[in-house]
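Trainee: The structure under discussion is supplied below as structure tokens; questions concerning it will follow.
The values are calculated or read from the model by the stated rules, or taken from the named source; none is laboratory data. Note that the structure is a prediction, hence the values are computed from the model and not measured. Because the Cβ atoms are built from the backbone with ideal geometry, glycine has one as well, and the counts that use them run over all protein chains shown. For accessibility, only protein heavy atoms count, side chains too; no ligands or nucleic acids. Shrake-Rupley method; radii C 1.70, N 1.55, O 1.52, S 1.80 Å.
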Amino acid sequence: ARRQSMLNMHRINPFKYDMNDVLSASAMDPDKMSSFLASIIAKASRNSTKEAKEFVKTFLESEDLTKEEHDRINRLLDKYSKYR
């Protein structure tokens with residue numbers, strides 16, 4: 001299988017902390033927030049960060065996230081990922 005960028009599970013807690021910072025400042029419904037975060041973690045750790053970024057983009061298109069929040073989440077995914 002081809003190596004791809006995936007979430008580094010050894011750094012999951014700092015990732016969650018930084019994600020909560022971004023999400024708590026966003027206008028997203030708090031009920032959606034935890035399932036959104038869980039979905040990102042699942043996609044990024046099991047499939048690839050690319051798939052997680054595509055998932056985040058759907059929330060940008062539905063206007064649950066601003067462009068700035070979308071970009072910050074993508075940067076966090078890059079920061080906390082590794083190739084495996």
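Results for (1) more than 17 Å from residue 13 (Cα to Cα); (2) at pLDDT below 95; (3) in contact with a Phe, Trp or Tyr (Cβ under 7 Å, 6 or more places away or on another chain); (4) of a type in the set (Ser, Thr, Tyr), shown as yes or no for each residue.
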| site | (1), (2), (3), (4) |
| --- | --- |
| 48 | yes, no, no, yes |
| 57 | yes, no, no, no |
| 63 | yes, yes, no, no |
| 67 | yes, no, no, no |
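Trainee: Find all pairs meeting these conditions: Cβ atoms under 8 angstrom apart; at least six residues apart or on different chains; first residue within region 67-81 and more than 13 Å from residue 56 (Cβ to Cβ) and touching a residue at least 12 places away in the same chain (Cβ under 8 Å); second residue polar (S, T, N, Q) and open to solvent by less than 20 Å² (accessible area, probe 1.4 Å).
Mentor: That search, which allows pairs on different chains as well, returns 81/49.
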